[in-house]
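Have a look at the structure below, then the notes.
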Amino acid sequence: MRVPNRLVRPSKLRVRAPRVPIDIEVESKTIGTSAAYSLITEDVSRSGLLLVWDREVKMPFNVNTLLELKIDVKGACLERPVSCLGKVVRRESADEEGRGHTARLGIQIVQMDNTDLSNWEGCLSQLERHFGVEQSNKIVGA
């Protein structure tokens, strides 16, 4: 029996940090390469990003790929972009057959320097207040 590949949110038991829905441009590239790709966030959290790829070409990143990321390259909510390393932990195709070029990537932030981390957490705190997300509501998976 074939199970369709659907765009499904993880169960609440797997959510580690509250998500904030916001469109932020993120420049992404595989470590050590010069080819950068522009993706848009669907939502962000303290632990990572959900990025959307909607292009004419196939998604270049697979699960477990390590990426160099520049978050908010257009300055939508930060004074300057923050840089970090991220790991693709989930990749979902919008096409049930897996043929389409629209995909979503779950990115776990694995490394960020202290200055960028401080700026990113400040931005997230403001967004969480704006969207009514409270840290006390954090759900930690089993």
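Here are the numbers:
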| quantity | calculated |
| --- | --- |
| Listed residues 61, 131 arranged by accessible area, highest first, probe 1.4 Å | 131, 61 |
| Long-range amide H partners of residue 110 with built H, under 5 Å | 85, 86, 87 |
| Dimensionless Rg over Rh [segment 15-77; C-alpha; Kirkwood] | 0.96 |
| Environment charge at residue 83 (Cβ cut-off 13 Å; Lys +1, Arg +1, Asp -1, Glu -1) | -2 |
| Stokes-Einstein diffusion coefficient of segment 36-131, Kirkwood radius over Cα pairs, 20 °C, 1.002 mPa s, in µm²/s | 152 µm²/s |
| Förster-model FRET efficiency, 30 Å R0, residue 54 and residue 125, C-beta, rounded to 0.05 | 0.55 |
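The values are calculated or read from the model by the stated rules, or taken from the named source; none is laboratory data. Source: prediction; values computed, not measured. A quick note on method: Cβ atoms are made from the backbone with ideal geometry, for glycine too, and the neighbour counts reach across all protein chains shown. Keep in mind that these areas ignore ligands, DNA and RNA; they rest on the heavy atoms of the full protein, side chains included. Shrake-Rupley method; radii C 1.70, N 1.55, O 1.52, S 1.80 Å.
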